[in-house]
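> Sharing a structure here in structure tokens format.
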2 protein chains.
Amino acid sequence: MNGAETLVQTLVDSGVKVCFANPGTSEMHFLGALDSNPDIRCILCLFEGVVSAAADGYARMAGTPAATLLHLGPGLANAGANLHNAMRAATPMVNIVGDHATYHRHLDAPLTSDIEGLARTWSVWVKSARDAASVAGDAAEAVRRAQEGAGGIATLILPADTAWNPAQEPAPPQAVARRPVPGPERIDTIAAVLRRGEPTLLLLHGDVLSDPSALDNIDRIAQGTGAELLTETSNARVERGAGRVGLDPVPYPVDDAVRRLKHFKRCILIGSRPPVGFFAYPGKPGKLLPDDCQVHVLAHPDEDGRAAVATLAAALGVEGKTPRHVTAEKARPLPKGKLTSAAIGASLANRLPADAIICDEALTTGGPIHAALRTAPAFTQLRLTGGAIGIGLPLAIGAAVACPERKVVVLQADGSGMYTNQALWTHAREKLDIVTIVLSNRSYAILRHELSNVGVVNPGPKALAMTSLGDPDIDWPSLAKGMGVPGGAAKTAEEFDALLAKAMAQRGPFLIEADLAA
Amino acid sequence: MNGAETLVQTLVDSGVKVCFANPGTSEMHFLGALDSNPDIRCILCLFEGVVSAAADGYARMAGTPAATLLHLGPGLANAGANLHNAMRAATPMVNIVGDHATYHRHLDAPLTSDIEGLARTWSVWVKSARDAASVAGDAAEAVRRAQEGAGGIATLILPADTAWNPAQEPAPPQAVARRPVPGPERIDTIAAVLRRGEPTLLLLHGDVLSDPSALDNIDRIAQGTGAELLTETSNARVERGAGRVGLDPVPYPVDDAVRRLKHFKRCILIGSRPPVGFFAYPGKPGKLLPDDCQVHVLAHPDEDGRAAVATLAAALGVEGKTPRHVTAEKARPLPKGKLTSAAIGASLANRLPADAIICDEALTTGGPIHAALRTAPAFTQLRLTGGAIGIGLPLAIGAAVACPERKVVVLQADGSGMYTNQALWTHAREKLDIVTIVLSNRSYAILRHELSNVGVVNPGPKALAMTSLGDPDIDWPSLAKGMGVPGGAAKTAEEFDALLAKAMAQRGPFLIEADLAA
């Protein structure tokens, strides 16, 4: 075996089943090793920003890391924006980044750059393999480190000669340390805080949001103590819809968030951090909780929040309460006329099959859609976590690969969708069961709003042009056709509903441009 | 004035005329300042990798830096691959990277990351503005530093409050130090080397390649001494075609390069560095010159190569020689039948207007096209410099903005073109006079070749799938239509020639998919 072959077998033995790849010359031996190993699936993406978001979506749904294959510093940089999102989602991921042979690096060939420095921007663990004999051990460590604590990105840099030189054998998988469970003292403290009966927020993030039974326990705690529930604004994965506890996030606009939070005297963090403004604005606060609100921690992000809420529910004696679940809304009236976000939401909530996965990068147009989805059949929602736009289309790749039996729906803002439109090609090649809804308002609408927020109330032609996606309008069905994905455009609520019915009735990729500017 | 207004006016006063932008919330005051300043042009690109390559293409043609506007760490990362290329091209560029307000950064909001660390990967100068009062001075320094020495990327990080807080006035432009001219001792040494009459290579890179009169001097030196000429493999800008000195690069394949270089006993570097393999291969050398070849420096990359060759020609007494220029080849026979690279080259050489700019990311299919272009009407060639694919389509934006009166032609490999396909939208919005030729072989052909280079002679289905762009085939005219660019596909030499004739006869963007797999 060569180094690459021991590396690939070690990944497989450690539980890595998929590699999202955009290979280059320096990764040919690794590619050869993937080629000859029947136990790992390879999925080609035509841009590395697709690779990293696909690996993120996969791990959010599968619970185990995927590998990526990236080509030196520029390939890693291309993956960077969605690595940032994955970092903020605490997604386990193993990057394999090809590099020049160890003896070639000092020659400073054109593709040479500081890969380690770059990788540290997003990784919890970075190592450049020393030689072929040790690369398998590095791989086992990478898979372990990606899964420890809250989860994170482990980046193994693979100089070409560490791949092609002879090596011995794969390394054994490394045991992943269990996440610490908050101890009885912590539980007692939080229980005492809750028993005070003050206006208290349970702020949720992380592992509890992907576990309906943990959410049931949290709702029992809320029922028993009068505390209120909110999630952080951006969450990697939330179980939502009918038959589950209803959840709302801390609002994104600073003023709305401050208003929503202003009456709380206590905030209990469950896998979350104290809420802050996504951006700073002149004269507005950065910290969103009132100054006199005391913050307590039930579970840190790297701890076992699910165990914590189960123990807390028992300590409070509320474990027998029936959780308040959202009731399914049946047969909403079919929206008519002008195509709006509300109409899209109603159609989608009507037509969503049970257990769908929604990859949500709706941004400014999302509000009414999210409201309608509240009572839709149970679904899993994956969202943009780090604010680096361009995650929706590729995140869906990973979700669909992890859960081939579940329908995946992408709610994709148009400006963000352009960032990684290459993902559509992989939707087509892998025949993934993904319905993409492009919310086409033909602008960076959020920036129009933000311009006025910062005082540019009468933007001139330049500022308008810089926030417009018109002139020319993007024709999404043509783009999709160019990459092998069928679809159509809707200008009315009826047209949208008809296209959505068609998309839901078939399997495989389909794109609907929802023309919100019509 | 606020900080952003003093910054923009300082950029303008320092000679920056264009800003390629993809703005976000934290850059709204900067956008407001651009909006209100009539002396800077703003061009929206729908992905930051387009922004950075456009700024690169602009500076390669204009000789002065453009500004970019990027949104925090992820925006900078997205720009990174083409910043890598610009770094390798020694292109002057001024990045303005928006950041959270200084007092907001410690809150670790979702978009927070180590922007300075990231920027250092590609920049000769990085600074995070301290306050609104000093940001104008920072901008003047950035423009200067981008232009000093060989040229490079200066990155100014702009916390939102340094843009929105009140400031005094713009800063005066800073004088750019002239590039050092090699002294008489260096000239005498090199002249003595050349007079020995040994097999000698003049290896060219940098400023001499973009100056036909410098190339004339170099050819005179070659004529007078028997030295041979080659350029580095990857060059930012070369003046080529009829009426100019004929130039060939050091071949990309290691074996070919070694064969081409093996007889040289002396190598004189003129703005260049000793040639090395683009990648390492098992059992092949990294350094491409023979071990017994002595290397001498006439001009370092950050020195004035043009002055050096003029002085050297005089010292050698060859300044009176008539340079050997390439003769124009008239009316090549119209290629017929199967569409090949040679047919594309012949059509293009026939139909190229004088003074065109060719943005060349042809890669594996380029050889016969380059051969045909040797005798085409005089043109400027801009190439991929750092091996980070996805430069062609956006590089053309910058070239067309810098030289609106010149036809721009993109030779674009299909796999690379997908990386930054969003550039086509800016071609359309700005009505740029760009003809894009997509060389569609439906594969990462270079990787097929490299797989066999590293010993994978019978690739299995996975390796084939990972190097194939088929299944589904990319339909480039549909992609282009989706972004407002008209075009068509050619499957024969005749169809290609007809489409090219049409494209050359009009102004504005046009895309031709050359189906080399048909």
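Values in this text are rule-based calculations from the coordinates and carry no lab data. Note that the structure is a prediction, hence the values are computed from the model and not measured. Reconstructed Cβ throughout: ideal geometry from the backbone, glycine too, with neighbour counts over all protein chains shown.
> Roughly how far apart, in whole Å, are the Cα centres of the range A:423-497 and the range B:149-209?
42
> Pop a pseudo-label 7 angstrom from the Cα along the beta-carbon direction at both A:Leu464 and A:Lys491 and give the gap in nm to one decimal.
With each label point 7 Å from Cα toward Cβ, the separation is 2.2 nm.
> Okay, moving on. Using alpha-carbon positions, what is the distance between the centroids of the range A:331-386 and the range B:337-372, in Å?
Using only Cα atoms, the two centres lie 50 Å from each other.
> What are the lysines whose alpha-carbon lies under 20 Å from the alpha-carbon of A:Lys336, with same-chain residues fewer than 8 places away excluded?
A:Lys491, A:Lys502
> Which of the trypsin sites (Lys or Arg not before Pro) found in the range A:394-473 are in a DSSP loop and have at most 15 neighbouring Cβ atoms, other than their own, within 10 Å? Write out the running numbers ahead of the final one.
Working: sites: A:Arg406, A:Lys407, A:Arg429, A:Lys431, A:Arg442, A:Arg448, A:Lys462; in loops: A:Arg406, A:Lys407, A:Lys431, A:Arg442.
Hits after loop and neighbour filter: A:Lys431.
> Using only DSSP helix segments of four residues or longer, with each worth -39500 (n - 2.57), what per-residue ellipticity at 222 nm results for the protein assembly as shown after dividing by its residue count and rounding to 500? Could you put the intermediate results ahead of the total?
Working: 40 runs with 397 residues, N = 1036.
Helix-only estimate at 222 nm: -11000 deg cm²/dmol.
> Sticking with this one: Return B:Asp99, B:Asp471, A:Asp433, A:Asp211 ranked ascending by Cβ neighbour count within 10 Å, so the fewest neighbours appear first.
Numbers: B:Asp99 28, B:Asp471 13, A:Asp433 22, A:Asp211 16.
Taking fewest neighbouring Cβ atoms as first place, the list is B:Asp471, A:Asp211, A:Asp433, B:Asp99.
> Now for a different question. Partner chain Cβ atoms within 10 Å, averaged over the residues of B:103-109 - can you pull that number for me? Please report the intermediate quantities before stating the final value.
Details: counts 2, 8, 2, 2, 9, 3, 11.
Shielding by partners across B:103-109 averages 5.
> If the cut-off is a Cα-Cα distance under 28 Å, which lysines reach A:Lys321, setting aside same-chain residues fewer than 8 apart in sequence?
Excluding near neighbours in sequence, the set is A:Lys265, A:Lys330.
> Over chain B, what relative contact order in percent results from Cα pairs under 8 Å that are six or more residues apart? Mind showing how you got there, number by number?
Details: 1227 pairs, mean separation 74.4, N = 518.
It rounds to 14 percent for chain B.
> I'd like the mean, over residues of B:465-471, of how many other protein chain beta carbons sit within 10 Å of each residue's own Cβ. Don't skip to the answer; put the middle values down first.
Values: counts 6, 12, 4, 2, 4, 2, 6.
Rounded to a whole number, the mean comes out at 5.
> Okay, moving on. Measuring nothing but label to label, 7 Å from Cα along Cα→Cβ, what are A:Glu116's distances to the other copies in nm, shortest first?
Nearest to farthest, the other copies are at 2.1 nm.
> Could you name the lysines whose alpha carbon sits less than 18 Å from that of B:Lys17, not counting residues in the same chain fewer than 8 places away?
Output for B:Lys17: A:Lys462.
> With charges set only on the Cβ (+1 for Lys and Arg, -1 for Asp and Glu), what does the dipole of the range B:125-252 come to about its Cα centre, in debye to the nearest 20?
Values: 13 positive and 17 negative charges, 26 e Å.
Result for the range B:125-252 is approximately 120 debye, rounded to the nearest 20.
> Turning to a different aspect of this structure: I need two numbers for the protein assembly as shown: Rg to one decimal and Dmax as a whole number, Cα atoms only, in Å.
29.3, 101
> Something else now. Residue farthest toward the positive end of the dipole of the range A:3-164, with Cβ of Lys/Arg at +1 and Asp/Glu at -1: which of A:Leu44, A:Ala160, A:Thr91?
A:Thr91
> Which whole number gives the average count of other chain Cβ atoms within 10 Å of the Cβ atoms across peptide B:33-41?
Working: counts 2, 4, 11, 5, 1, 2, 0, 1, 1.
Rounded to a whole number, the mean comes out at 3.
> A:Val457 versus B:Ala342, label points 7 Å from Cα toward the beta carbon: distance in nm?
Output for this residue pair reads 7.0 nm.
> So if each residue of separation counts as 0.36 nm, and I subtract the Cα-Cα distance between B:Asp211 and B:Arg195, what length gain in nm does that give? Walk me through the intermediate numbers first.
On the way: separation 16, 0.36 × 16 = 5.76 nm, distance 2.52 nm.
In short, 3.2 nm is gained.
> Considering only DSSP beta bridges where both residues belong to chain A, give the percentage that are antiparallel (nearest 5).
10
> Figure the gain on full extension for B:Arg332 and B:Arg120 (residue separation times 0.36 nm, minus the Cα-Cα span) and round it to one decimal in nm.
71.4 nm
> Kindly give the distances from B:Ala192 to its copy-mates, label point to label point, with each label point 7 Å from Cα along Cα→Cβ, as nm values to one decimal ordered shortest first.
8.8
> Taking a label point 7 Å out from Cα toward Cβ, give me the nm distances from B:Asp248 to the same spot in the other copies, shortest first, one decimal.
B:Asp248 label point versus its equivalents elsewhere: 7.3 nm.
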